[in-house]
Each structure stands twice: as C-alpha cells, then as structure tokens.
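In what follows, a structure is listed as structure tokens, so that the remarks can point back to it.
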Amino acid sequence: MLKPIALAYQVNTQTHSIPIMEVKKYNNNSWVSAKLKVGESSIHGLGVFTTEEISEGEIVIIWGGQVVSTEEFRQGIGQKHTNVGISENLYLVANSAEEKSVDDYMNHSCNANLWLNDEVTLSAKRNIKAGEELFIDYAIELIDESYVMKNDCYCRNVNCRKTITGRDWRIKEVQQLYQGHFSPFVNERIKNCK
C-alpha cells in the first residue's frame, strides 16, 4: 500500500544556505508498485517495466531519499543518476551507501507514459500494457540550466528533442504535453513565464 508523506523534512543547516519556507519530510526510500521490475531497455541500458497492466492515473512510484541542495549534490552527496528536483535548488537523492532501487533505472522519453502528481508521486499518464517500459520526461522535474544529457535521446518518438537539457521545461510543446503534471516548482516557473 502507499506510504504517506509526512509534512516536515530535515535539512543540514550547517551546509544548507537556501532559505526554506515550507519544510517537508520525505520517505527515506522510494515506494515502488509491485507491478514494476527492472529489465533490459531497448532505449538505454536497464529500464523499468510493468509486469501487469497499469491504469491511467494509477500511482506507480513515490520517490524517497535524502534532501540536498544543488551545491551538496554537485559536491557528491547522494548517488549519481538518482537526483530528482523537488524545489528550487533542492534535490531528493538516494543515499550513496544504499543499493539502487527499481525507480533508479527509469529512462527518459520525449513522450513519457508517466508524469507527476506532486514533486514525488509518479502516475500513469495513460493506460499502460503489461511488459511495457515506463518513462519519464526529465523536463517535468529538471531545471538545471547547465544540464545536457550525456548521450542523445534514443526514444524514437516523432517529437523527440534529441538533445535533452535542463531548459526543456521552457519549450511550449513540452509544457502542453505535461500541462499541470510537472513538479510544482516547475509548474510555478511555467506560470510565471507567461
């Protein structure tokens, strides 16, 4: 069953220079639906796949981890490739000592079948068949202006952006595709750009 998210989180106040208005607490580990497994991806390395059908709107993952600032993440706190933008200059990351979770193998697609309900809850954008690979579009939570994905995107979608960056949330077509289902702080940025 889904684990609730409490309403307070701890931030290292000695190293954290970002003023926090609202403080939340996230689960230490991600909750992952029993309908998911890791398998070989046709797009890149390993990916996350369904073992059963998933209905539109069904929650499949609730990200958990340690809250760190952008600066702390760049200094090496947290496992690489497990960072999720949850607020301006804050990430949720897996602890470096922990084993990877199923959700750490999620690949990007420019026409993802998952999107966000809030900053940590991933749900199905549409009905998803058993055996189908699950994808997120990094634009729904990534705003690091300097980020450029190491390899070109291999999603093969008609609307593939090829080069994935931390500026993709600004693209009108991307905003329309995931309208209202970006991380809340990205939704706010989009609203303020109009």
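The values are calculated or read from the model by the stated rules, or taken from the named source; none is laboratory data. All values derive from a computational prediction rather than experimental measurement. Note that we place each Cβ from the backbone using ideal geometry, even for glycine, and neighbour counts take in every protein chain shown. Quick note on the areas: whole protein, heavy atoms, side chains included, nothing else; ligands and nucleic acids left out. Shrake-Rupley method; radii C 1.70, N 1.55, O 1.52, S 1.80 Å.
May I ask you to list the residues in the stretch 114-153 that are of a type in the set (A, V, I, L, M) and touching a residue at least 60 places away in the same chain (Cβ under 8 Å)? Across the stretch 114-153, the qualifying residues are L116, V120, L122, A124, I128, A130, L134.
Listed here are the residues, each with its yes/no results for (1) farther than 17 Å from A34 by Cβ; (2) of a type in the set (D, E, K, R).
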position	(1), (2)
Q79	yes, no
G85	yes, no
D118	yes, yes
A124	no, no
F135	yes, no
A139	yes, no
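I want to confirm something. Restricting to the stretch 130-143 and keeping residues that are within 17 Å of E40 (Cα to Cα) and of a type in the set (D, E, K, R), which single residue is most open to solvent (accessible area, probe 1.4 Å)? The qualifying residue most open to solvent (accessible area, probe 1.4 Å) is E132.
In the list S87, S146, S101, S123, which residue meets the criterion of being surrounded by fewer than 22 Cβ atoms within 10 Å (Cβ to Cβ) and either in contact with a His (Cβ under 6 Å, 6 or more places away or on another chain) or under 16 Å from N27 (Cβ atoms) (or both)?
Details: S87 fails: either in contact with a His (Cβ under 6 Å, 6 or more places away or on another chain) or under 16 Å from N27 (Cβ atoms) (or both); S146 fails: either in contact with a His (Cβ under 6 Å, 6 or more places away or on another chain) or under 16 Å from N27 (Cβ atoms) (or both); S123 fails: either in contact with a His (Cβ under 6 Å, 6 or more places away or on another chain) or under 16 Å from N27 (Cβ atoms) (or both).
Just one listed residue meets the conditions, S101.
In the set G64, G78, which member is crowded, with 20+ Cβ neighbours inside 10 Å and under 27 Å from K125 (Cα atoms)?
Details: G78 fails: under 27 Å from K125 (Cα atoms).
Testing whether each residue is crowded, with 20+ Cβ neighbours inside 10 Å and under 27 Å from K125 (Cα atoms) leaves just G64.
Return yes or no: is N111 of a type outside the set (D, E), closer than 25 Å to A34 by Cα, in contact with a Cys (Cβ under 9 Å, 6 or more places away or on another chain) and surrounded by 13 or more Cβ atoms within 10 Å (Cβ to Cβ)? Against the criterion (of a type outside the set (D, E), closer than 25 Å to A34 by Cα, in contact with a Cys (Cβ under 9 Å, 6 or more places away or on another chain) and surrounded by 13 or more Cβ atoms within 10 Å (Cβ to Cβ)), N111 qualifies. Would you confirm whether any residue within the stretch 154-168 is without any contact (Cβ under 8 Å) to a residue 40 or more places away in the chain, open to solvent by less than 50 Å² (accessible area, probe 1.4 Å) and over 13 Å from the mean Cα position of the chain (by Cα)? So far as the stretch 154-168 goes, yes, one or more of its residues are without any contact (Cβ under 8 Å) to a residue 40 or more places away in the chain, open to solvent by less than 50 Å² (accessible area, probe 1.4 Å) and over 13 Å from the mean Cα position of the chain (by Cα). Candidates in the stretch 45-60 are the residues that are in contact with a Ser or Thr (Cβ under 6 Å, 6 or more places away or on another chain) and farther than 11 Å from R126 by Cα; of these, the one that is surrounded by the most Cβ atoms within 10 Å (Cβ to Cβ) is V60.
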